[in-house]
Amino acid sequence: MRVGVIHGGTSTEHEVSLASGAGVLDALGRRGHEAVAIRIDRAGEWHTTRGEGRVNALTTLLTCDVVVPALHGTGGEDGTVQGLLEMLDLPYVGSGVRASAVCLDKALTKVVAERAGIPIAPGLLLDRARVKAAIARAAERSALLRELSGVGVEPPLFVKPVHGGSSIGVTRVTDSAGLRDALVAAGDDAVLVEAEIVGLEVDVPVLELPDGELRVGPTLLIDSDPDEPFFTEAAKYASGATHFTVPAPLGAALTRRLGVLAINAFRALGCSGLARVDFFVTEGGPVLNEVN
């Protein structure tokens, strides 16, 4: 098959996407497919081996049998490119517009998951105006801390950009004094502030077969670099001290429970093709972290 691979992009995860795209292109080539690289640079310009520009990129896409969107973050993982491919009537790998948009939004993901009976961490969504106010004024931060306390969120807590991944812009806040810097680090976007969940980090892959059956793959246990405060961007991509164990040594009953929750999340969010559902496994049971 002739397979287009869109990678790069304008989000903060540009470099991560380049690595993903390179891996997909290599794997496709080794499988005997004709892999076509379509790269978006940081400025939003499109590039192919045939030439430069968006018109050229669209022409190249239309010669492909199927497309792999290997983009990360906004402008690619959020339903935008999926919508473009649907308008071009091109089949593509992964979830559609709605599921992509919801899954990139951490707050919306958890609203849907909670309605489906999947445990989530206590947290509070802050829109951009609230974030700016809390950065600018100590009184707003004090009010925010009181509101967080009211929903069961006390330091240590996590401040996360709502639309993003790879732990970019995420901060672990251990006391109230660190809240302002954490909000600044999250960037100019809505922010999710969540309670710290203590437990094992376990990822569960879900694959949708051609007949619609959902199959759970081997679980993955993350042992993050102990010198990092959590599973940071550096721990994910740069550290030699982070280790992964597949399958995670959890026992049959817990592994089955994680598989059921992962499939429930996949269905509730409207995913298709494939997904990775990330959990914290606590003494009280699994808690959803996010869906990729």
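The values are calculated or read from the model by the stated rules, or taken from the named source; none is laboratory data. In this text the structure is predicted, and so the values were computed from the model without any measurement. Note: ideal-geometry Cβ built from the backbone for every residue, glycine included; neighbour counts use all protein chains shown. We work out accessible area using only protein heavy atoms, side chains counted, and drop any ligands, DNA or RNA first. Shrake-Rupley method; radii C 1.70, N 1.55, O 1.52, S 1.80 Å.
Taking 4 °C and 1.567 mPa s as conditions, the chain diffuses translationally at an estimated 64 µm²/s according to Stokes-Einstein applied to its Kirkwood radius (Cα pairs).
Helical runs (DSSP H, four residues minimum) scored at -39500 (n - 2.57) apiece and divided by the length of the chain put the mean residue ellipticity at 222 nm at -10500 deg cm²/dmol.
Expressed as cubic angstrom per residue, what is the convex hull volume of the alpha carbon set of the range 1-148?
Spread over its residues, the Cα hull of the range 1-148 gives 147 Å³ apiece.
Sequence-ordered 3J(HN,Hα) estimates for the range 208-217 from the Karplus curve with 6.51, -1.76 and 1.60 and θ = phi - 60° stand at 8, 7, x, 8, x, 5, 9, 10, 8, x Hz, glycine and proline given as x. Name the lysines eligible as straight-distance cross-link partners of Lys236: C-alpha to C-alpha under 22 Å, and not fewer than 8 places from it in the same chain. Correct list for Lys236: Lys106, Lys160. Excluding Leu207 itself, what net charge comes from residues whose Cβ is under 15 Å from its Cβ, given Lys and Arg +1 and Asp and Glu -1? Residues near Leu207 contribute -1 overall. Mean-square fluctuations from a GNM of the chain, with a 10 angstrom spring cutoff on Cα atoms, peak among Asp188, Asp65, Asp211 at Asp211. With θ taken as phi - 60° and the Karplus curve 6.51 cos²θ - 1.76 cosθ + 1.60 applied, the whole-hertz 3J(HN,Hα) list for the range 34-46 is 8, 8, 10, 7, 10, 10, 9, 7, 4, 7, x, 7, 9 Hz, x standing for glycine and proline.
Along its three principal directions, the equivalent ellipsoid of the range 102-197 from the Cα gyration tensor extends over semi-axes of 21, 15, 12 Å, largest first. Of the residues Ser239, Ile118, Leu144, the one whose Cα sits farthest toward the positive end of the charge dipole of the range 113-248, with +1 on the Cβ of Lys and Arg and -1 on the Cβ of Asp and Glu, is Leu144.
With contacts taken as Cα pairs under 8 Å and at least 6 residues apart, the range 31-97 reaches a relative contact order of 21 percent. Basic side chains Lys and Arg get +1 at the Cβ, acidic Asp and Glu get -1 at the Cβ, and with that the dipole of the range 33-179 about its Cα centre reaches some 600 debye. Based on protein heavy atoms only, the range 1-104 ends up with 47 Å² per residue of surface accessible to a 1.4 Å probe.
Note that the range 48-62 has calculated 3J(HN,Hα) couplings of 9, 5, 7, x, 10, x, 6, 4, 4, 5, 5, 4, 5, 4, 5 Hz, one per residue in order, obtained from phi through the Karplus relation 6.51 cos²θ - 1.76 cosθ + 1.60 (θ = phi - 60°); glycine and proline are x. Using only Cα atoms and rounding to the nearest 10 degrees, what angle (0 to 90) does helix 14-30 make with the longest principal axis of the chain? Helix 14-30 sits roughly 40 degrees off the main axis of the chain.
For Glu45, the shell of other residues with beta-carbons less than 14 Å away shows a net charge of +1, using +1 for Lys and Arg and -1 for Asp and Glu.
Between Ser167, Ser149, Ser95, the residue with the greatest mean-square fluctuation in the GNM of the chain (Cα pairs under 10 Å linked by springs) is Ser149. Against the chain, whose longest principal axis comes from its Cα atoms, helix 106-115 is set at around 80 degrees. Counting only alpha carbon atoms, the long axis of helix 138-150 and the longest principal axis of the chain meet at about 90°. The aspartates and glutamates whose alpha-carbon is closer than 20 Å to the alpha-carbon of Lys132, local same-chain residues fewer than 8 away aside, are Asp105, Glu140, Glu147, Asp175, Asp181, Asp188, Asp189, Glu194. Inter-label distance, Val151 to Arg115: 1.7 nm, where each label sits 7 Å from its Cα along the C-beta direction. Net charge in the neighbourhood of Pro229 (other residues with Cβ under 12 Å of its Cβ; Lys, Arg +1, Asp, Glu -1) is -4. Here, the range 64-130 yields an orientationally averaged convex hull projection of 5.9 nm² when only Cα atoms define the hull.
Only Lys, Arg, Asp and Glu carry charge here, each on its Cβ (+1 for the first two, -1 for the last two); on that basis the chain has a dipole of about 400 debye about its Cα centre. For the range 74-232, relative contact order (Cα pairs under 8 Å, six or more residues apart, normalised by length) works out to 19 percent.
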